[in-house]
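Taking it in order: structure first as structure tokens, then the write-up.
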Amino acid sequence: MADRPYTLLSCSMSIDGYLDTATAPRLQLSNDADFDRVDEVRASCDAILVGATTVRNDNPRLLIRSADRRARRIELGMPPSPMKVTVTRHGQLDADANFFTLGDAEKIVYCTSAGATEVRRRLDSVATVVDAGERVDMQGLITDLGDRGIRRLIVEGGRTILTQFLTAGLADELQLVVAPFFVGDSRGCRFVDDGQFPWNPDHRATLADVRQIGDVVLLRYALSTRFSEPDYPGF
Ligand SMILES: NC(=O)c1ccc[n+]([C@@H]2O[C@H](COP(=O)([O-])OP(=O)(O)OC[C@H]3O[C@@H](n4cnc5c(N)ncnc54)[C@H](OP(=O)(O)O)[C@@H]3O)[C@@H](O)[C@H]2O)c1
């Protein structure tokens, strides 16, 4: 069995801790300089994971934007953009979503056995479908990704996915961007759900770095002893 991938959680939130509002359009939290920083972080990763609701609501492309970074990845023997990974119970995902149609990298959908028939019917031609059993457990998921050669994984949300990685103690690093405004509506999507987190008043996380990027701030937390800089330099 391969080592589990280095797992980096990345997201942006408002000052009052929201990832998104309850209504469309999607909330713009970051600025251009920070989007470019995220592009750089993505370029250092082998796979990007988002939850099925994020695929449905945001229709993200999840591709490396910078031509230089794509070229650097090719030089290093990597595909131009990372593998895309998502998770679903019910399988209501559209094969025409950008997640599936854009980019040549492999797409993997982890689903429950109950949802597997529906997921295969919809997505067999555009993704590798993995039946993960009664429930998709994040430990099992990253072990399987490690066996597929993934060494560095970026998890970009949404809330339920971030919560599962954090409460299970599976994150090595958290990159949290705080945007300079409030959402002020509890119907919005918070950063995390309720849960038991390994970091609490008696066990504080290690703040590894703080960086101002224009009008947002990046907080970088080391969440495990594996916390480190990427092996792939030059992005
Ligand atoms: N600000 C940011 O940085 C950022 C980043 C990403 C997303 N977001 C926002 O986050 C919001 C979405 O967050 P969310 O918490 O509602 O949804 P999510 O985490 O994106 O996706 C949740 C869905 O993933 C599937 N899922 C999650 N855990 C699973 C498990 N263990 N086994 C099987 N399937 C599982 C289920 O899909 P099915 O329903 O298909 O069964 C579930 O409904 C969006 O508004 C998006 O804009 C913000």
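Just so it is clear, none of the values below were taken in a lab; they were calculated from the coordinates. Treat the numbers as computed from the prediction; the structure is a model and nothing was measured. All Cβ positions, glycine included, derive from the backbone under ideal geometry; neighbour counts span all protein chains shown.
What nm value, rounded to one decimal, do you get for the distance between S125 and D215 when each label is placed 7 Å out toward the C-beta?
4.5 nm
Test of understanding: what is the full-extension gain from L207 to T117, defined as 0.36 nm times their sequence separation minus their Cα-Cα distance?
So the extension gain works out to 28.0 nm.
For A24 paired with R65, estimate the spin-label separation in nm (one decimal), with each label point 7 Å from Cα along the Cα-to-Cβ line.
For the pair A24/R65, the computed spacing is 2.2 nm.
So, with +1 on the Cβ of K and R and -1 on the Cβ of D and E, and no other charges, what is the size of the charge dipole of region 6-222 about its Cα centre, to the nearest 20 debye?
Result for region 6-222 is approximately 260 debye, rounded to the nearest 20.
Out of residues 5 or more away from G188 or on other chains, whose amide H comes under 5 Å of its own, with H placed 1.01 Å from N in the peptide plane?
The list, which skips near neighbours in sequence, is A22.
Kindly write out, for region 62-71 in residue order, the coupling ³J(HN,Hα) from the Karplus curve 6.51 cos²θ - 1.76 cosθ + 1.60 (θ = phi - 60°), rounded to whole Hz, with x marking Gly and Pro.
6, 10, 6, 7, 6, 5, 4, 5, 5, 5
Restricting attention to the alpha-carbon atoms of the chain, what are Rg (one decimal) and Dmax (integer), both in Å?
When restricted to Cα atoms, the chain yields Rg and Dmax of 17.1, 49 Å.
Enumerate the amide H contacts of V177 below 5 Å, restricted to partners 5 or more residues apart or on another chain; note that Pro and chain-start residues carry no placed amide H.
C11, S12, M13, L219
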